[in-house]
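Only one structure is covered here, and it is reproduced in the block below.
The values are calculated or read from the model by the stated rules, or taken from the named source; none is laboratory data. If you're wondering where the values come from, they're calculated on a predicted model, not measured in any experiment. Glycine gets a Cβ as well: all are built from the backbone with ideal geometry, and neighbour counts include every protein chain shown. Side chains included, ligands, DNA and RNA excluded: accessible areas come from the protein's heavy atoms. Shrake-Rupley method; radii C 1.70, N 1.55, O 1.52, S 1.80 Å.
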Amino acid sequence: MNISASADVLLDVNDLVVHFPAGRRGMFGPPSKVHAVDGVSFRVRRGTTFGIVGESGSGKSTTAQAVMRLIPMTSGQIVFGGENIAEFRGEKLRLARSRFQIVFQDPFSALDPRRRAGDLIREPLDLLGIGSPREREVRVRQLLEEVGLPPQAANLFPHQFSGGQRQRLCIARAMAPEPDLIVCDEAVSALDVAIQAQILNLLKKLQRERGLTYIFISHDLGVIQHFCDEIAVMYLGRIVEQAPAQAFFSAPSHPYSWSLISAAAPPGPLRVRLKKDYLVKGDPPSPVDPLPGCRFVQRCPFAIARCRDELPVLNIQADEHFVACHRTGEINPPDFASL
Amino acid sequence: MPPVLSVKDLSVSMNGTKGMVPVLEHLSFDVAQGKTMALVGESGCGKSMTALAIMQLLPEDFRVTSGSILLDGVEVLSASPKELRSLRGNKMSMIFQEPMTALNPLYTVGNQIGEVLRQRRGLSRRDAHAQAIQFLKAVQIPAADKRVDAYPHQLSGGMRQRVMIAMALACKPKLLIADEPTTALDVTVQAQIFDLLSELQDDTDTAIVLITHDLGAVAELADDVAVLYAGRCIEQGAADEIIAHARHPYTRGLMACVPHLQLGRAIDHLAAALDEIPGMVPPLGARGPDCAFLPRCAFASEICRAQPQPPLDRINAGAAVSCWRHQEIAPGAMA
């Protein structure tokens with residue numbers, strides 16, 4: 001869509017749809033559906049970080065889990081390294097998993113409390129049959145060192161680690177089968193700020209050294225700006241804006257992006273003005289059976305009749321910069337330069 | 001006018017298997033009417049224990065070992081259970097991080113807000129219900145007359161936190177303790193809740209103790225701030241002063257390690273590593289008399305190793321810091 005075919009694309013997600021059943025409307029009504037992800041397409045270049053930002057219920061985690069083949073998808077294509085892994089089943093899928101791994105938000109619930117750290121890191125190698133038992137031991141020690149844990153840590157249980165150390169363990173475990181892609185699903189959100197910086201720097205270092213590709217999911221725009229090469233903003237199951245980081249932060253174009261930015265702006269008169277003009281009110285509406293128009297219409301200060309009737313699609317606005325809004329060009333973006 | 005809340009030399013210890021372990025040491029601060037005091041620090045620094053000590057809701061194994069907590073002239077630490085009951089709600093109240101677990105799922109929100117009014121102010125069921133609607137309006141919940149009969153699970157996270165705020169403010173307390181009130185909420189909702197808190201404060205003149213790890217929130221809401229590290233206050237003073245001229249290496253580290261949003265320009269993020277504070281907060285029981293931040297401090301020198309942690313040293317009218325080397329670290333910040 002936005003990257004020329006010649007570029008080195010590792011992951012190409014095409015029109016991904018994930019719907020969940022949500023009971024019926026009334027006893028005899030039609031079945032309802034949660035439109036968790038509703039037609040999402042993006043490409044991720046090898047060795048780069050693709051950021052997905054959005055509030056809870058925006059579908060960012062569902063997108064990631066569907067791409068990881070952890071939850072069933074309704075339709076769509078996931079082309080990973082040239083193969084459509086959406087069609088993979090059974091043994092083929094199991095083996096393919098060595099190439100894409102995920103790190104979750106909560107390192108407390110992501111690790112089996114009854115297994116030692118060394119075993120936890122070795123488990124993916126055992127399951128995928130990588131290396132001899134002896135090689136696996138060596139690899140575990142290497143991984144501990146790479147994520148900044150001492151070799152003795154291999155003998156400890158998860159509860160003996162702090163939150164930051166546990167997240168290091170999760171990263172080591174994800175790195176174990178030498179994947180090409182790691183999804184970081186709010187991987188630093190539960191950590192204290194000082195620890196968050198440590199983990200972000202570690203992820204960056206690993207990317208530099210190993211050419212890793214990341215999908216980085218976060219609700220924190222500051223972290224996203226610091227960490228990502230390309231950014232997609234999701235709202236109620238759809239991408240509403242997508243652009244290279246530089247373009248996004250110098251000229252964000254969707255009203256929802258403006259709202260997110262105004263909520264995250266550094267304190268000061270700028271923030272006060274941004275919040276007054278662009279911060280949306282209320283909470284995101286329910287993703288159950290959404291209405292036909294733009295998903296953002298109830299909260300958008302710029303909505304017109306057309307926004308209620310017609311779902312906007314991503315349109316190219318500038319080089320590699322895509323926006324899904326009927327009113328692009330008609331409404332004034334915040335002018336950061338003058339603020 | 002005397003402060004609404006005056007905490008003096010407060011220490012809290014945990015009764016562990018190895019005897020009494022200090023959790024919070026010699027904390028002192030005042031909060032005046034209509035002012036906001038922020039307690040800042042990483043988890044395990046004693047922020048929440050301070051709040052629970054003020055509310056006298058400390059967990060079983062925790063005990064206040066020294067100090068005094070004066071709330072509107074009344075000593076909270078020596079109050080009888082009956083007196084405490086009337087202080088909570090009437091004089092002080094608290095909102096928690098996770099509104100879903102703080103609300104009772106079996107009662108409507110109107111019932112829960114009304115309960116405070118019935119208990120504390122002796123209102124009838126009908127009057128309490130009518131008042132509850134007014135409070136829901138005050139915290140800007142749309143269709144308040146319908147939502148009053150909703151159960152917590154029918155509301156979004158942001159609305160639940162608004163209900164908590166309505167409950168906490170129902171009896172017009174002099175002091176509101178907000179323990180990470182927005183951590184569990186979405187970013188756009190966080191900004192709304194902070195705005196709401198400061199609007200309500202303007203109307204009611206409530207004193208607020210805000211517990212947070214978010215220095216952005218401090219800059220926006222707080223008049224004063226105390227930075228806690230491993231149970232000790234290491235820097236304290238006017239919020240503007242501390243934000244502009246942090247002196248303690250920990251405070252400076254906290255501010256530097258947050259990736260702030262930069263608008264209108266791009267940062268060369270591949271080159272820029274974030275400043276990080278290495279290591280972590282020492283666990284309970286592993287805190288000696290020397291500076292608790294020493295093992296993580298980039299500025300640690302001979303004097304830090306040779307001497308115990310210095311007391312909070314008043315630098316000027318606006319700020320106090322507990323660091324041997326603050327003059328060398330932040331010479332430009334001297335008064």
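Quick look at the numbers
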{"read-out": "Residues in region B:227-264 reached by a label modelled at B:SER198 [backbone nitrogen below 18 Å; 7 Å Cα→Cβ]", "value": "B:238-244, B:261"}
{"read-out": "Sorted largest first, extent of region B:115-260 alpha carbons per principal axis (Å)", "value": "55, 29, 26"}
{"read-out": "Relative contact order for region A:211-339, counting Cα pairs under 8 Å that sit 6 or more residues apart, in percent", "value": "25 percent"}
{"read-out": "Whole-Å semi-axes of the ellipsoid equivalent to chain B (Cα gyration tensor, √5λ, descending)", "value": "36, 24, 18"}
{"read-out": "Region B:70-128, relative contact order in percent, only Cα pairs under 8 angstrom and at least six apart counted", "value": "25 percent"}
{"read-out": "Anchor B:LYS82: lysines whose Cα lies under 21 Å away (excluding residues fewer than 8 positions away in-chain)", "value": "B:LYS91, B:LYS172, B:LYS174"}
{"read-out": "Long-range amide H partners of A:VAL183 with built H, under 5 Å", "value": "A:GLN101, A:ILE102, A:VAL103, A:ILE215"}
{"read-out": "Net charge contributed by nearby residues that have their C-beta within less than 12 Å of B:HIS213 (K/R +1, D/E -1)", "value": "-4"}
{"read-out": "Whole-percent carbon and sulfur share, accessible surface of region B:2-122, 1.4 Å", "value": "53 percent"}
{"read-out": "Projected area, mean over directions - region B:181-277, Cα convex hull, nm²", "value": "8.0 nm²"}
{"read-out": "Solvent exposure of the protein assembly as shown as accessible area per residue, Å², 1.4 Å probe", "value": "43 Å²"}
{"read-out": "All lysines inside 22 Å of A:LYS275 as judged from Cα atoms, apart from same-chain residues fewer than 8 positions distant", "value": "B:LYS137"}
{"read-out": "Theoretical ellipticity at 222 nm over chain A - DSSP helices of four or more residues, -39500 (n - 2.57) apiece, nearest 500", "value": "-9500 deg cm²/dmol"}
{"read-out": "Unit Cα scatterers, Debye sum, region A:1-139: log10 I(q)/I(0) for q = 0.12 Å⁻¹", "value": "-0.65"}
{"read-out": "Residue-wise HN-Hα coupling along region A:299-316, computed from phi with Karplus coefficients 6.51, -1.76, 1.60 (Hz; x: Gly, Pro)", "value": "9, 7, x, 10, 5, 10, 4, 4, 5, 6, 9, 10, 6, x, 9, 5, 10, 6"}
{"read-out": "Dipole magnitude of region B:111-231, debye to nearest 20 (Cβ charges: Lys/Arg +1, Asp/Glu -1, about Cα centre)", "value": "840 debye"}
{"read-out": "Carbon/sulfur fraction of accessible area - region B:124-170, other protein chains in place, 1.4 Å, %", "value": "50 percent"}
{"read-out": "Chain-alone versus full-assembly comparison, region A:184-209, residues with accessible loss of at least 40 Å² (1.4 Å probe)", "value": "A:ASP192, A:VAL193, A:ALA194, A:ALA197, A:GLN198, A:ASN201, A:LYS204"}
{"read-out": "Sequence-distant residues sharing a close amide H with B:CYS291 (under 5 Å, placed H)", "value": "B:GLN309"}
{"read-out": "Kirkwood estimate for region A:169-292, i.e. one over the average of 1/r between Cα atoms, Å", "value": "16.4 Å"}
{"read-out": "Stokes-Einstein diffusion coefficient of region B:134-207, Kirkwood radius over Cα pairs, 25 °C, 0.890 mPa s, in µm²/s", "value": "194 µm²/s"}
{"read-out": "B:HIS245 - accessible surface, heavy atoms, 1.4 Å probe, Å² rounded to 10", "value": "80 Å²"}
{"read-out": "Between 0 and 90°, nearest 10: helix B:157-169 axis offset from chain B longest Cα axis", "value": "80 degrees"}
{"read-out": "Cβ-derived FRET efficiency at R0 56 Å, A:LEU93 paired with B:GLN33, nearest 0.05", "value": "0.30"}
{"read-out": "Rounded to the nearest 10 Å², the accessible area of B:ILE277 at probe 1.4 Å", "value": "10 Å²"}
{"read-out": "Helix A:163-175 axis, angle to chain A major axis (alpha carbon atoms, nearest 10°)", "value": "80 degrees"}
{"read-out": "Separation of the B:ARG63 and A:ILE331 label points, Cα + 7 Å toward Cβ, nm", "value": "6.1 nm"}
{"read-out": "List of region B:184-207 residues, accessible area with partners at least 10 Å² below that of the chain alone (1.4 Å probe)", "value": "B:ASP186, B:VAL187, B:THR188, B:VAL189, B:ALA191, B:GLN192, B:ASP195"}
{"read-out": "For B:VAL4, distant residues with modelled amide H under 5 Å away", "value": "B:VAL31, B:ALA32, B:GLN33"}
{"read-out": "Accessible area buried between chains A and B, both sides summed, probe 1.4 Å, in Å² to nearest 100", "value": "3500 Å²"}
{"read-out": "Convex hull (Cα only) mean projected area of region B:60-118, reported in nm² to one decimal", "value": "5.8 nm²"}
{"read-out": "Rel. contact order, % - alpha carbon contacts under 8 angstrom, at least six apart, chain B", "value": "20 percent"}
{"read-out": "At least 50 Å² of accessible area lost relative to the chain alone, listed for region A:266-294 with a 1.4 Å probe", "value": "A:PRO267, A:LYS275, A:ASP283"}
{"read-out": "Size of region A:166-210 as Cα extents on the principal axes (Å, biggest first)", "value": "28, 17, 15"}
{"read-out": "Local net charge near A:PRO133, Cβ-Cβ under 10 Å (Lys/Arg +1, Asp/Glu -1)", "value": "0"}
{"read-out": "Equivalent ellipsoid, the protein assembly as shown (semi-axes from 5 times Cα gyration tensor eigenvalues, Å)", "value": "41, 34, 25"}
{"read-out": "Residue-wise HN-Hα coupling along region A:76-93, computed from phi with Karplus coefficients 6.51, -1.76, 1.60 (Hz; x: Gly, Pro)", "value": "x, 10, 10, 9, 10, x, x, 10, 7, 6, 5, 8, 5, 9, x, 4, 5, 5"}
{"read-out": "Which of B:ARG325, B:ARG147 is most accessible, then next, and so on - probe 1.4 Å", "value": "B:ARG147, B:ARG325"}
{"read-out": "Paired Rg and Dmax values of region A:272-339, which use every Cα atom, in angstrom", "value": "13.6, 41"}
{"read-out": "For region A:65-73, 3J(HN,Hα) per residue [Karplus equation, 6.51 cos²θ - 1.76 cosθ + 1.60, θ = phi - 60°, Hz, x = Gly/Pro]", "value": "5, 5, 5, 6, 6, 8, 10, x, 9"}
{"read-out": "Accessible-area value, B:GLU115, 1.4 Å probe, nucleic acids and ligands omitted, Å²", "value": "90 Å²"}
{"read-out": "Order of exposure, largest accessible area first, which applies to A:TRP258, B:TRP324 with probe 1.4 Å", "value": "B:TRP324, A:TRP258"}
